[in-house]
Amino acid sequence: MTHKNFINIEGRTDLKRDPNSKAILSNNKDAFLAYQEKKKQQEELQKIKEEQGFLREELNEIKNLLQILTRGIN
């Protein structure tokens, strides 16, 4: 599709309408790049949170095993 087929949205230079799907599309590249960066950061944060949860579970398991071992010694 070429931009010449898109319909201008009155009062908005950053938006166009696709006449086939009726979708409203943004042609603001800076906003799109900012969105991609924000999404990437959110995905990285989610991954860190998941890893933190996994490490917390592992640490609890190690603590439990140490408690079991020390009970056997006493």
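Since every read-out is calculated from the coordinates, none of them should be taken as a lab result. Only a predicted model underlies this, so the values are computations on that prediction, with no experimental measurement involved. Here the Cβ positions follow ideal geometry from the backbone for every residue, glycine too, while neighbour counts run over all protein chains shown.
Return the only residue of I73, I9 being hydrophobic (A, V, I, L, M, F, W, C) and either surrounded by 11 or more Cβ atoms within 10 Å (Cβ to Cβ) or on the phi > 0 side of the Ramachandran plot (or both).
Working: I73 fails: either surrounded by 11 or more Cβ atoms within 10 Å (Cβ to Cβ) or on the phi > 0 side of the Ramachandran plot (or both).
Exactly one of I73, I9 is hydrophobic (A, V, I, L, M, F, W, C) and either surrounded by 11 or more Cβ atoms within 10 Å (Cβ to Cβ) or on the phi > 0 side of the Ramachandran plot (or both), namely I9.
Being within 27 Å of T13 (Cβ to Cβ) and assigned to a helix (DSSP H, G or I): is that true of F32 here?
Details: within 27 Å of T13 (Cβ to Cβ): yes; assigned to a helix (DSSP H, G or I): yes.
So F32 passes the test.
Looking only at the stretch 13-47, which residues are touching a Ser or Thr at 6+ places or on another chain (Cβ under 9 Å) and among the charged types (D, E, K, R)?
D14, K16
Outside any helix (DSSP H, G or I), surrounded by 10 or more Cβ atoms within 10 Å (Cβ to Cβ) and either of a type outside the set (D, E, K, R) or under 25 Å from the mean Cα position of the chain (by Cα) (or both) - does that describe any residue in the stretch 44-53?
no
Taking K29 as meeting all but one of (1) farther than 30 Å from N5 by Cβ; (2) loosely packed, with under 10 Cβ neighbours inside 10 Å; (3) of a type in the set (D, E, K, R), write down the number of the exception.
For K29, the exception is condition (1).
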